[in-house]
Amino acid sequence: MKILIVDDEAYARDKLRRLVAEHLAGAVVSEARDGKEALECIHKQQPDLVFLDIQMPEMDGITVASQLTAPVPMIIFVTAYDQFALQAFDANAIDYLLKPFDETRFLRSLQKVQERRSGAKKIQTDQHLLLNEKGRVTVIKLTDIIRLEAADNYVVIHTAQQQHMMRQTLSGLQERLGNGFVRCHRSHIVRLDQITQVVPAQKGDAELVLLNDIRLPCSRQHRDEVVQGLAR
């Protein structure tokens with residue numbers, strides 16, 4: 001596997017090189033110190049994966065990504081500033097590493113790389129939910145669910161056809177839904193393939209626009225989780 005590390009700070013390149021050496025045996029690693037050098041290296045070496053710093057002098061990482069032509073390598077953006085997360089998603093990044101990251105967070109990024117390379121998909125823990133409604137058991141397929149909303153001690157399950165009430169918490173349901181869903185707010189979970197836009201809002205928050213033009217709030221603490229889910 002060929003890997004390019006792009007960062008204008010030597011210690012940041014050294015940290016990534018060390019982590020790659022420890023966890024990707026046999027990887028061929030090269031480095032670039034700025035955006036212009038990164039473009040030249042990508043063109044000549046055609047790496048499989050690029051760790052790309054966003055804030056660099058003259059040409060930033062987002063600009064570098066926008067100028068790439070096929071074959072485009074997998075990209076993991078690396079930055080100390082979380083306000084670039086939405087732009088990273090727009091650039092089809094596999095992941096977004098926020099400095100200072102630790103080894104555990106780095107390994108999560110590597111897992112996404114391995115999944116992309118192998119084409120593997122995470123299996124959902126369940127394929128349906130069972131609801132007891134007035135003595136009748138109703139089967140709701142996960143693929144029919146658009147979003148879920150907290151309502152006191154209940155969760156409102158929204159499908160295209162109707163709504164269902166389930167006595168449960170959002171946190172209690174989240175693991176059963178699998179990786180096709182993401183928590184975007186303390187009161188909302190949404191199916192990832194329903195999201196068409198992530199619109200920045202004030203103070204790091206965002207608004208999600210769904211296929212049916214429904215708009216959901218996305219709080220700052222859940223924004224990176226949403227972006228990373230969409231990048232999978």
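The values are calculated or read from the model by the stated rules, or taken from the named source; none is laboratory data. Just so it is clear, the structure is predicted and the values come from calculations on it, not from any experiment. Backbone-built Cβ (ideal geometry, glycine too); neighbour counts: all protein chains shown. Each accessible area value is taken on the protein alone, full model and side chains, heavy atoms only, with ligands, DNA and RNA left out. Shrake-Rupley method; radii C 1.70, N 1.55, O 1.52, S 1.80 Å.
What number of lysine-lysine pairs in the chain show an alpha-carbon separation below 16 angstrom, given a sequence spacing of 8 or more or placement on distinct chains? All intermediate terms of the calculation are to be shown ahead of the outcome.
Working: Lys2/Lys44; Lys15/Lys99; Lys36/Lys44; Lys112/Lys121; Lys112/Lys122.
Lysine pair count for the chain: 5.
At 0.36 nm per residue, and after removing the present C-alpha to C-alpha distance, how many nm does the segment from Arg215 to Arg108 gain when stretched out fully?
Details: separation 107, 0.36 × 107 = 38.52 nm, distance 2.96 nm.
Gain on extension, Arg215 to Arg108, equals 35.6 nm.
Go through 65-71, 216-222, 52-58 and give me the packing order, highest mean Cβ count within 10 Å leading.
Details: 65-71: 11.9, 216-222: 18.1, 52-58: 19.9.
Highest-to-lowest ranking by the protection proxy: 52-58, 216-222, 65-71.
Along the Cα→Cβ direction, 7 angstrom out, place labels at Ser187 and Val72. What is the inter-label distance in nm?
Output for this residue pair reads 3.6 nm.
For the chain, what is the charge dipole size about the Cα centre, in debye to the nearest 20, if Lys and Arg each add +1 at the Cβ and Asp and Glu each add -1 at the Cβ? Can you show the working numbers first?
Numbers: 30 positive and 31 negative charges, 183 e Å.
Value, rounded to 20: 880 debye.
Please give the calculated 222 nm ellipticity per residue for the chain, where each DSSP H segment of at least 4 residues contributes -39500 (n - 2.57) and the sum is spread over every residue; nearest 500 deg cm²/dmol? Please list the in-between numbers first.
Details: 7 runs with 73 residues, N = 232.
For the chain, the value works out to -9500 deg cm²/dmol.
Can you give me the angle between helix 220-231 and the longest principal axis of the chain, using Cα atoms only, in degrees from 0 to 90, rounded to the nearest 10?
With both axes taken from Cα atoms, the answer is about 80 degrees.
Which Cys residues of the chain have no other Cys Cβ less than 4.7 Å away and so no disulfide-compatible partner by this rule?
Those would be Cys41, since no other cysteine Cβ in the chain comes under 4.7 Å of theirs.
Apply 1/(1 + (r/R0)^6) to the Cβ-Cβ distance of Gln46 and Thr196, taking R0 = 30 Å, and write down the FRET efficiency to the nearest 0.05.
Numbers: r = 32 Å, r/R0 = 1.07.
Efficiency, from the Cβ-Cβ distance: 0.40.
Against the longest alpha carbon principal axis of the chain, how many degrees, from 0 to 90 and to the nearest 10, is the axis of helix 10-23 turned?
On a 0 to 90 degree scale, this one is about 70.
Given a Förster distance of 41 Å, report the FRET efficiency between Glu115 and Gln163 from their Cβ-Cβ distance, rounded to the nearest 0.05. Working shown, then result.
Working: r = 34 Å, r/R0 = 0.82.
Computed FRET efficiency for Glu115 and Gln163: 0.75.
Need the full-extension length gain, Val139 to Leu98, defined as separation in residues times 0.36 nm minus the C-alpha distance. One decimal, nm.
Details: separation 41, 0.36 × 41 = 14.76 nm, distance 4.03 nm.
Taking Val139 through Leu98 to full extension adds about 10.7 nm, to one decimal.
What residue among Glu207, Glu149, Glu40 has the largest mean-square fluctuation in a Gaussian network model of the chain, using Cα springs under 10 Å?
Highest fluctuation among the options: Glu40.
Using a 1.4 angstrom probe, figure out how much accessible area the chain has per residue, in square angstrom, rounded to the nearest whole.
Spelled out: the 1.4 Å probe surface of the chain, per residue, equals 55 Å².
Contact order normalised by length for the chain, with contacts defined as Cα pairs under 8 Å and 6 or more residues apart; what percent is it? Could you put the intermediate results ahead of the total?
On the way: 394 pairs, mean separation 29.0, N = 232.
Reported relative contact order: 12 percent.
Of all the Cα-Cα pairs you can form in the chain, what percent are over 31 Å apart? Provide the component values of the computation, followed by the final result.
Values: 8414 of 26796 pairs.
Pairs farther apart than 31 Å: 31 percent.
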